[in-house]
Structure formats: structure tokens, C-alpha cells
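Notes for the one structure printed next.
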Ligand SMILES: [Zn+2]
């Protein structure tokens, strides 16, 4: 039941309420708004709501809005896949993984499945980071202009192994939003 929750008449009101709440308590960092089937109003929650982007405070992390067409630019054939809560695009020696919560626009042309072997996707997504190095904006802009187009700053890099099928370590770039990009180098 929702009687103890603040009720907003519409999504805009709830979003404004979330922003005020984040101003008061910036440590919460993000809130989700959702329509309530019980009272037909809108409420706030600090728990992730599937398919909705969180509201972030001014001091919170900048929320990105990454369109499927932007992701498709990282794909060898223009196809974008959905797996493990992410949108994935792969080209020769590289894979981009964007959390679904950041995906903007229509997902109609997204294919369910994974464009790389599962083990490789798991490694890119889940391999703990050992000694990540902050990536300077200039380096990012020069070497990964497409990534810089998504987010110009707040990237870190590390090296990971992709398992027995891929003996050489690959460079992984991780953005604070959760976007990951892995690329074989040299
Ligand atoms: Zn309600």
C-alpha cells in the first residue's frame, strides 16, 4: 500500500519532488519515479524501476542518454543486441556494453542475444577492476572519439583477460555510469 508515501499527480510533479528530495539528501544520489496502480498517482523510490531512468541531483552523477543509433555505430553490421541487462554492440576486436537504464529511444530494432561469446561478455561486465587508471579527456578524445561522443569524461581503463578463447588481455574502458568498452590492442 502507498498511503504513507508522498503522492504526486503526474510524472512531472514526481520528478520535481525527486529533485527537491535529492537537494535535501544528495547522498541518495538517485531516485526513481513510478506510476502507482493503487492510487493512480506517482511516487518516488530509491530502488531501481525497470525501464525508467532515475532522477539525479545536480551533484549526483550525470545521467547519460545513449540512443540505440549511437550504440549501433560500435557494431560491425549495425546490429545492437540486448543481453544481461545491457545493450551490446560488437565489431572486430571490440565490444560496447551500455546498461539498459541509460538507453534512450526505441528499442524496437534491438536483437535479443549476445554478439560475442557469453564468457567474454561476462568478463567485460563483471571482471573486477585491478588497478584502474583514470583516462584523461584528451587521450579519450584522440583515441576513442566515438566514446568521447557518448561521455567526454569520467572513464577509467584496465586490462582484463577474456578467457581461454582469447589469450591476449584486452583494454577495458569503464565509465562511471556503468558503460563498458573492451578493445583488443596491438
Ligand atoms: Zn499510490
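What number, rounded to the nearest 500 deg cm²/dmol, is the helix-based mean residue ellipticity at 222 nm of the chain, given -39500 (n - 2.57) per DSSP H run of at least four residues and division by all its residues? Can you show the working numbers first?
Numbers: 5 runs with 41 residues, N = 186.
-6000 deg cm²/dmol, from helical runs alone.
Running a GNM on the chain with Cα contacts under 10 Å, which residue among 20, 97, 114 ends up with the highest mean-square fluctuation?
20
Using Cα pairs under 8 angstrom and six or more residues apart, how large is the relative contact order of the stretch 71-186, in percent? Show your work: numbers first, answer last.
Working: 196 pairs, mean separation 26.1, N = 116.
That works out to 22 percent.
Taking neighbour counts of Cβ atoms within 10 Å as a proxy for exposure, in what order, fewest first, do 107, 96 appear? Can you show the working numbers first?
On the way: 107 13, 96 29.
By the 10 Å Cβ count, ascending: 107, 96.
Can you tell me the FRET efficiency between residue 133 and residue 79 if r is taken as the Cβ-Cβ distance and R0 is 30 Å, rounded to the nearest 0.05? Don't skip to the end; give the middle numbers.
Values: r = 31 Å, r/R0 = 1.04.
That pair, residue 133 with residue 79, gives E of 0.45.
Once you keep just the Cα pairs under 8 angstrom separated by 6 or more residues, what percentage relative contact order results for the stretch 38-107? Don't jump to the answer; show the numbers that get you there.
Working: 80 pairs, mean separation 20.2, N = 70.
Normalised by residue count, the contact order of the stretch 38-107 is 29 percent.
For residue 12 and residue 36, what does the FRET efficiency come to when R0 = 22 Å and r is the distance between their Cβ atoms, rounded to the nearest 0.05? If you can, show how the numbers build up before the last one.
On the way: r = 15 Å, r/R0 = 0.70.
The calculated FRET efficiency here is 0.90.
Just to confirm my numbers, what's the Cα centroid distance between the stretch 93-147 and the stretch 12-57 in Å?
One Cα centre to the other: 27 Å.
Using the number of other C-beta atoms within 10 angstrom as an exposure proxy, rank 159, 118, 32 with the fewest first.
Numbers: 159 17, 118 11, 32 20.
If I rank by nearby Cβ atoms, fewest first, I get 118, 159, 32.
Where does each of 183, 170 land when they are ranked from fewest to most other beta-carbon atoms within 10 angstrom? Display every interim value, and only then the final one.
Values: 183 18, 170 21.
Ranking 183, 170 by Cβ neighbours within 10 Å, fewest first, gives 183, 170.
When a/c is below 1.5 the answer is rounded, else prolate if a/b is larger than b/c, else oblate, so apply that to the stretch 66-183 with a ≥ b ≥ c taken from the square roots of the Cα gyration tensor eigenvalues.
Working: a/c = 1.67, a/b = 1.13, b/c = 1.48.
Oblate is the answer for the stretch 66-183, as a/c is 1.5 or above yet b/c matches or exceeds a/b.
What is the angle, in °, between the Cα long axis of helix 11-24 and the longest principal axis of the Cα atoms in the chain? Nearest 10 is fine, range 0 to 90.
Once rounded, the angle reads 80 degrees.
Every read-out reported here was derived from the displayed coordinates using simple, explicitly stated rules and does not represent laboratory data. Treat the numbers as computed from the prediction; the structure is a model and nothing was measured. Virtual Cβ from ideal backbone geometry, glycine too; neighbours counted across all protein chains shown.
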